[in-house]
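The structure appears right after this line, and notes come after that.
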Amino acid sequence: MGRERLYRTEAIVLKRNNFGEADRLLTLYTPEWGKLRVIAKGVRKPTSRKSGHLELFTHSRLLVARGRNLDIVTQAETIHSFRPLREDLLRIGWAYYTAELLDRFVEEGVENRPLFKLFLATLGRLCEDVDLDLTARF
């Protein structure tokens, strides 16, 4: 018959770009569909309930609606925020580096659960480990 209209997924936000007045274009990495580009409508409004759940490097549970060109995030709930990354310039620099590597080397729409788990573990270790260079190289 066709694709499901709505789907749930876990995702980590790799990149974000402002789009229009209040929307944001997001690049996500998911365990089921790999890298996805979606739009979060109204997320830049001060009253948005989704904005904190769609910050860079946040691991979230999402409800996504299929769209014509881009899928649309309709609900978001944070699983892990990786707060220490936001509190340390060196840690967030390494997080940007690992996210950029993932974004450049992975095609859109290709499932890779082990890579998702590795990226999730890497973000967790970047929050805790002392030797960040070694952690990122791992």
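Looking only at region 113-133, decide whether some residue is assigned to a helix (DSSP H, G or I), of a type in the set (A, V, I, L, M, F, W, C) and exposed (fewer than 12 other Cβ atoms within 10 Å of the Cβ).
Looking through region 113-133, none of the residues is assigned to a helix (DSSP H, G or I), of a type in the set (A, V, I, L, M, F, W, C) and exposed (fewer than 12 other Cβ atoms within 10 Å of the Cβ).
Quick check on this structure: which one of Leu62, Leu102 is under 30 Å from Phe138 (Cα atoms), surrounded by 15 or more Cβ atoms within 10 Å (Cβ to Cβ) and touching a residue at least 60 places away in the same chain (Cβ under 8 Å)?
Answer to the selection: Leu102.
Can you find a residue that is touching a Lys or Arg at 6+ places or on another chain (Cβ under 8 Å), surrounded by 14 or more Cβ atoms within 10 Å (Cβ to Cβ), modelled with pLDDT of 90 or more and not in a helix (DSSP H, G or I) anywhere in region 83-99?
No: zero hits.
Among the residues of region 33-54, write down those that are crowded, with 17+ Cβ neighbours inside 10 Å and touching a residue at least 40 places away in the same chain (Cβ under 8 Å).
Listed by number, the residues that qualify are Trp33, Gly34, Lys35, Leu36, Leu54.
Could you list all residues from region 25-51 that are farther than 22 Å from Phe116 by Cβ and either of a type in the set (Lys, Arg) or modelled with pLDDT of 90 or more (or both)?
First pass over region 25-51, keeping only residues farther than 22 Å from Phe116 by Cβ: 41-49, 51.
If the condition is that a residue be farther than 22 Å from Phe116 by Cβ and either of a type in the set (Lys, Arg) or modelled with pLDDT of 90 or more (or both), then Lys41, Arg44, Lys45, Arg49 are the ones that fit.
Which count do you get for residues in region 1-36 that are outside any loop (DSSP other than H, G, I, E, B) and among the charged types (D, E, K, R)?
The number of residues fulfilling the criteria is 7.
Looking at region 100-111, which of its residues are in contact with a Lys or Arg (Cβ under 9 Å, 6 or more places away or on another chain) and not hydrophobic (A, V, I, L, M, F, W, C)? Reasoning before the result, please.
At the first step, the residues of region 100-111 found to be in contact with a Lys or Arg (Cβ under 9 Å, 6 or more places away or on another chain) are 100, 102-103, 106-110.
If the condition is that a residue be in contact with a Lys or Arg (Cβ under 9 Å, 6 or more places away or on another chain) and not hydrophobic (A, V, I, L, M, F, W, C), then Glu100, Asp103, Glu107, Glu108, Gly109 are the ones that fit.
Take Phe105 and decide whether it is modelled with pLDDT of 90 or more and in contact with a Cys (Cβ under 7 Å, 6 or more places away or on another chain).
No.
Quick check on region 71-80. Is at least one of its residues assigned to a helix (DSSP H, G or I), touching a residue at least 60 places away in the same chain (Cβ under 8 Å), surrounded by 11 or more Cβ atoms within 10 Å (Cβ to Cβ) and not hydrophobic (A, V, I, L, M, F, W, C)? First the steps, then the outcome.
At the first step, the residues of region 71-80 found to be assigned to a helix (DSSP H, G or I) are none.
Among the residues of region 71-80, not one is assigned to a helix (DSSP H, G or I), touching a residue at least 60 places away in the same chain (Cβ under 8 Å), surrounded by 11 or more Cβ atoms within 10 Å (Cβ to Cβ) and not hydrophobic (A, V, I, L, M, F, W, C), which makes the answer no.
The values are calculated or read from the model by the stated rules, or taken from the named source; none is laboratory data. Note that this is a predicted model, so its numbers are computed, not measured. Don't worry about glycine lacking a Cβ; one is built from the backbone with ideal geometry, like all the others, and counts go over all protein chains shown.
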